[in-house]
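**Student:** Have a look at this one.
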Amino acid sequence: MLIQIFHVMGNSNTRLFITTVTLIAALGGLLFGFDIAVISGIILPVKTQYQLTASQEGWFVSCALLGCIAGVAISGTLSDRIGRKKVLALAAFLFLVSAIGFAVSTTYPLLIFFRVLAGMGVGVASNISPLYISELAPASRRGRLVTFYQLAITIGIMVAYCSNLAIQRYAAAAGDTSGGWLHWLFVTEYWRGMFLVGVVPAAAFFALLAIVPESPRWLARFGRQTEALHILEKINSSKEEAAHELKAIQAVATDQANGGLRALLQPPLLHLLVMACVLTAFSQFSGINAVIYYGPTILRSSGVVANDTLLYQVMLGAANMLFTFVAIWKVDSLGRRPLYLTGSICAAAALTLTGICFLLKITGWPLLIPITFFLLFFAFSLGPLKFVIATEIFPTPVRGLALSICILVMWISDWLLNLLFPVMREGMGIAATFFLFAGCCLFSFFYAKKYLFETKGQSLENITIKEKTIIHH
């Protein structure tokens, strides 16, 4: 019944249909953001409770990234075989189980196990959600709609920060006035309740996936042309446009019939893959997730009062979320390349100023200003555009595999960075660490200036047809 209502809605209002499907798929991004950010409020109490060393702290945070790597490794090929929608449902299930499991685990090994499981959910969602959105989005709005996925990530981060702050303050106010399992979850060991909050969006994501269609490009690839055409008619303004798009999809699928890893490792696809992987890796080497994961620790090391660190991080999360609207606003008008170049060079400058603040022991609001500007520039360039670019430049038969490789590179980069960050912070010093992050943003600027080409306003099939000319040019 629900599916029939949804189909009627799609027939009567194309824009509403596309927006609704995008928002549901973007819930994978919200859960992605929530799971990577919620740990920021959990690190300190778990570190105290289990007496973790710096290397153990790094392992506790980074073990989830190993799960991300595993999730990405299986999701691309799996989505190419069984469809995007079913793999998104798998991600929702992993989010749900890990949130409950982590909250009730009473041993450290079990905490690690459910952190890895949560990471697998993040890995699957980080790969398939933007892929799915890009394959349903019209060319004229594809950049904006894929950027909604990045916005959902920032909303998830914001939800995690706000719920962490609320639970921390509730626990401080409640004290030891009552008992029971709720008291254990939200007061005695309140960090458990912080993770349990993720059950709500995970359950909603799992339920709402029942009303979204499969990717028309995946359906067409496997000979289900009638179903693909039916969905394309909901996306396009006329049946003629839908039929024309289906023919273009079929033509590219025929031309790229011998897809897979072998095709991806041959020029010109290899050149595209290298470019996408480099841009993806260095977006993470900017230090964004060090700020997200270790924000309270960073702020405390700068002299900020411990009780204020989560409040400050809520402010940073709000800035990250709001500034993503710049990308949504301008990505389809200004284009990918200008936004990327502007954001990466400005992010390098903001990180340099942050390092100077740490070097001169400047704390409080003056420190937050350059960090906030870094989030601004990251939020409209390095953050969302790696997803937009990676979902656009590959042909349909290898798109799932190519995107999974790019996202795999992203999570390996994240894992290395977050594993080493506590050691870098204590060995190099926090100022030198931020100078290193600035250098990575500077490298991103010069690399993108040389290799990144513009794709705004073109259909996925037109980008595929033109890619050889673009690369050789």
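The numbers here are math on the coordinates, done by the rules we state, and not lab data. What you are looking at is a predicted structure, and each value in this text was computed from that prediction instead of being measured. Reconstructed Cβ throughout: ideal geometry from the backbone, glycine too, with neighbour counts over all protein chains shown.
**Student:** Just to check I understand the Karplus step: with θ = phi - 60° and J = 6.51 cos²θ - 1.76 cosθ + 1.60, what whole-Hz values come out for the range 220-234, glycine and proline as x?
**Tutor:** For the range 220-234, the Karplus-derived couplings read 5, 4, 9, x, 9, 5, 5, 5, 4, 5, 4, 6, 4, 5, 6 Hz, x marking Gly and Pro.
**Student:** List the lysines whose Cα sits under 28 Å from the Cα of LYS386, skipping any in the same chain fewer than 8 residues away.
**Tutor:** Straight-distance partners of LYS386: LYS85, LYS86, LYS234, LYS330, LYS449, LYS450, LYS456, LYS466, LYS468.
**Student:** A follow-up question, please. Between LYS247 and THR48, with labels modelled 7 Å along Cα→Cβ, what's the label distance in nm to one decimal, could you check?
**Tutor:** Result: 6.8 nm between the two label points.
**Student:** Show me, for the range 204-219, the HN-Hα J-couplings you get by feeding each phi into the Karplus relation (A = 6.51, B = -1.76, C = 1.60, θ = phi - 60°), rounded to Hz, glycine and proline as x.
**Tutor:** So the Karplus estimates, Gly and Pro as x, are 5, 4, 4, 5, 6, 4, 5, 9, 9, x, 6, 4, x, 6, 5, 4 Hz.
**Student:** If you stretched the chain out fully between SER238 and THR342, how much longer would it get, using 0.36 nm times the residue separation minus the C-alpha to C-alpha distance?
**Tutor:** Length difference between fully extended and current span is 33.7 nm.
**Student:** Report the calculated FRET efficiency for LEU436 and THR363 (r = Cβ-Cβ distance, R0 = 25 Å), to the nearest 0.05.
**Tutor:** 0.75
**Student:** Here is a further query. Mind ranking 36-42, 80-86, 350-356 by how tightly packed they are, going by the mean number of other C-beta atoms within 10 angstrom, highest first?
**Tutor:** The peptides rank, most packed first, as 36-42, 350-356, 80-86.
**Student:** When Cα extents along the principal axes in Å is calculated directly from the model, which label among [x] 66, 51, 37; [y] 89, 46, 43; [z] 91, 56, 36 fits?
**Tutor:** Recomputing Cα extents along the principal axes in Å here gives the entry labelled [x].
**Student:** Residue by residue through the range 383-389, what is 3J(HN,Hα) from phi via Karplus (6.51 cos²θ - 1.76 cosθ + 1.60, θ = phi - 60°)? Round to whole Hz and write x for glycine and proline.
**Tutor:** Couplings: x, x, 5, 5, 6, 4, 4 Hz.
**Student:** Could you calculate the contour length gain from THR107 to GLN266, that is, 0.36 nm times the residue separation minus the distance between their Cα atoms, to one decimal place in nm?
**Tutor:** Contour length minus the Cα-Cα distance gives 52.5 nm.
**Student:** Output the peptides 357-364, 127-134, 69-76 sorted from most to least packed, where packing is the average of other Cβ atoms within 10 Å over each peptide's residues.
**Tutor:** Result, highest mean Cβ count within 10 Å first: 127-134, 69-76, 357-364.
**Student:** Quick one: which of 179-189, 57-67, 164-174 comes out on top by average Cβ neighbours within 10 Å, and what's the full order, highest first?
**Tutor:** 57-67, 164-174, 179-189
**Student:** Can I ask one more? Sticking with the crude label model, points 7 Å out along Cα→Cβ, report the distance from ALA349 to SER333 in nm, one decimal please.
**Tutor:** Label at ALA349, label at SER333, 2.2 nm between them.
**Student:** With label points built 7 Å along Cα→Cβ from the Cα atoms of LYS86 and VAL199, find their separation and express it in nm.
**Tutor:** Calculated label separation equals 2.9 nm.
**Student:** Work out the FRET efficiency for ASN13 and PHE93 from their Cβ-Cβ distance, taking R0 = 45 Å, and round it to the nearest 0.05.
**Tutor:** 0.90
**Student:** Then there is this: Just want the answer: with Cβ charges of +1 for Lys and Arg and -1 for Asp and Glu, which residue in ILE157, PHE17, THR188 is farthest toward the dipole's positive end in the chain?
**Tutor:** About the Cα centre, the residue reaching furthest to the positive side is PHE17.
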